[in-house]
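**Student:** Below is one structure. I have some questions about it.
The values are calculated or read from the model by the stated rules, or taken from the named source; none is laboratory data. This structure is a prediction, so every number in the text was calculated from the model and none was measured. Note that we place each Cβ from the backbone using ideal geometry, even for glycine, and neighbour counts take in every protein chain shown. For accessibility, only protein heavy atoms count, side chains too; no ligands or nucleic acids. Shrake-Rupley method; radii C 1.70, N 1.55, O 1.52, S 1.80 Å.
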Amino acid sequence: LLKKLAKRSISGIITTNYDTLLETLFPNFDTYIGQEELLFSNITGIGEIYKIHGCVTSPESLIVSSNDYANFKKRNAYLAAKLLTIFVEHPVIFLGYSISDPNILELLFSLKDCLAAHNIEKLKDRLIFVEWRAEQNEPIMIDGTLSLSDGKILPIKHIKINSFIPLFDVLANLKQRLPIKILRRFKDAVYEF
């Protein structure tokens, strides 16, 4: 299963996991831990792992306690803005998150507030929630909605599966025009210029 994930056609990963599994699977990706590493880095948006709740390699970065979460929410305005930008500019597959996760809903609520009503529908093909269900015989993808706390509706794609293998097969078979390393070099060169 992990070998299939590593053969992916994805340009970046946002994770709340503390371990270093993703860095092992994607050795050519640059890793950023928390907001501090993002602030003055040359972010290209290609081949990057964002570890938003910290990493075991940097114990002081870990977000674990309710106090940590409160400080995270208060201090991470840039990180929230970066995530909102990613949500608008790229398709995002939410894997392992519940559609009712309060942190995700808060970010999506902020995103909805940034967009005019006629642009909200464009998110439907960019916000993809994958839900694992043991009773799901065949993978399905449907148009769905998220109900936000203000009563507004946000369109999403909703995938229901009982195995992640079909999803990883699809991602592995998507073709990239250029390898991640080359794209990063191009973007770095443009940034430096």
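**Student:** Looking at 88, 64, 92, can you tell me which residue is farther than 26 Å from residue 159 by Cβ and either at pLDDT 80 or above or among the polar types (S, T, N, Q) (or both)?
**Tutor:** On the way: 88 fails: farther than 26 Å from residue 159 by Cβ; 92 fails: farther than 26 Å from residue 159 by Cβ.
Exactly one residue qualifies, and that residue is 64.
**Student:** Out of the residues in the stretch 21-45 that are polar (S, T, N, Q) and assigned to a helix (DSSP H, G or I), which is surrounded by the most Cβ atoms within 10 Å (Cβ to Cβ)?
**Tutor:** Taking the stretch 21-45 first, the residues polar (S, T, N, Q) are 24, 28, 31, 35, 41-42, 44.
Cutting the leftovers down to assigned to a helix (DSSP H, G or I) gives us 24, 35.
Working: 24: 10, 35: 18.
Going through the qualifying residues, I end up with 35.
**Student:** Condition test on residue 18, is it assigned to a helix (DSSP H, G or I), modelled with pLDDT of 85 or more and open to solvent by 40 Å² or more (accessible area, probe 1.4 Å)? I'd like the intermediate steps shown before the answer.
**Tutor:** On the way: assigned to a helix (DSSP H, G or I): no; modelled with pLDDT of 85 or more: yes; open to solvent by 40 Å² or more (accessible area, probe 1.4 Å): yes.
Answer is no for this residue.
**Student:** Here is a list of conditions, (1) out of contact with any Cys (no Cβ under 9 Å at 6 or more places or on another chain); (2) open to solvent by less than 50 Å² (accessible area, probe 1.4 Å), and residue 96 meets all of them except one; can you say which number that is?
**Tutor:** (2)
**Student:** What are the pairs with Cβ atoms under 6 angstrom where one residue, in the stretch 71-93, is open to solvent by less than 50 Å² (accessible area, probe 1.4 Å) and the other, located anywhere, is assigned to a helix (DSSP H, G or I)? Sequence gap at least six, or different chains.
**Tutor:** 76/35; 79/35; 83/107; 84/111; 87/111
**Student:** Go through the stretch 6-19 and report how many residues are more than 14 Å from the chain's Cα centre (by Cα) and closer than 24 Å to residue 98 by Cβ.
**Tutor:** Total meeting the criteria: 3.
**Student:** For the stretch 156-188, give me each residue that is surrounded by 17 or more Cβ atoms within 10 Å (Cβ to Cβ), assigned to a helix (DSSP H, G or I) and at pLDDT 70 or above.
**Tutor:** Selection gives 167, 168.
**Student:** Still on this structure: Tally the residues that are surrounded by 15 or more Cβ atoms within 10 Å (Cβ to Cβ) and without any contact (Cβ under 8 Å) to a residue 40 or more places away in the chain, restricting the search to the stretch 121-139. Walk me through it before giving the result.
**Tutor:** Going through the stretch 121-139, the residues surrounded by 15 or more Cβ atoms within 10 Å (Cβ to Cβ) turn out to be 123-124, 126-131, 139.
When the remaining residues are screened for being without any contact (Cβ under 8 Å) to a residue 40 or more places away in the chain, the result is 123-124, 126, 128-131, 139.
Total meeting the criteria: 8.
**Student:** A further question follows. Just checking, which of 153, 142 is exposed (fewer than 14 other Cβ atoms within 10 Å of the Cβ) and over 25 Å from residue 82 (Cα atoms)? Break it down stepwise before answering.
**Tutor:** Values: 153 fails: over 25 Å from residue 82 (Cα atoms).
Of the residues listed, the single one that is exposed (fewer than 14 other Cβ atoms within 10 Å of the Cβ) and over 25 Å from residue 82 (Cα atoms) is 142.
**Student:** Picking from 86, 120, which residue would you name as being part of a helix (DSSP H, G or I) and closer than 23 Å to residue 32 by Cβ?
**Tutor:** Values: 120 fails: closer than 23 Å to residue 32 by Cβ.
Answer to the selection: 86.
**Student:** Then there is this: From the set of residues in the stretch 99-120 that are more than 18 Å from residue 81 (Cβ to Cβ) and surrounded by 14 or more Cβ atoms within 10 Å (Cβ to Cβ), which is farthest from the chain's Cα centre (by Cα)?
**Tutor:** Going through the qualifying residues, I end up with 120.
**Student:** Would you check which residues across the stretch 51-65 are within 15 Å of the chain's Cα centre (by Cα) and open to solvent by 10 Å² or more (accessible area, probe 1.4 Å) and list them?
**Tutor:** 52, 53
**Student:** Here is a further query. For residue 48, work out the one condition from (1) over 15 Å from the mean Cα position of the chain (by Cα); (2) surrounded by 15 or more Cβ atoms within 10 Å (Cβ to Cβ); (3) charged (D, E, K, R); (4) at pLDDT 75 or above it doesn't fulfil.
**Tutor:** Checking residue 48 against (1) over 15 Å from the mean Cα position of the chain (by Cα); (2) surrounded by 15 or more Cβ atoms within 10 Å (Cβ to Cβ); (3) charged (D, E, K, R); (4) at pLDDT 75 or above, the one that fails is (1).
**Student:** With the structure loaded, tell me whether residue 131 is assigned to a loop (DSSP other than H, G, I, E, B) and either touching a Lys or Arg at 6+ places or on another chain (Cβ under 6 Å) or farther than 26 Å from residue 25 by Cα (or both) or whether it fails that test.
**Tutor:** Working: assigned to a loop (DSSP other than H, G, I, E, B): no; either touching a Lys or Arg at 6+ places or on another chain (Cβ under 6 Å) or farther than 26 Å from residue 25 by Cα (or both): yes.
Here the answer is no, as residue 131 does not meet what is asked.
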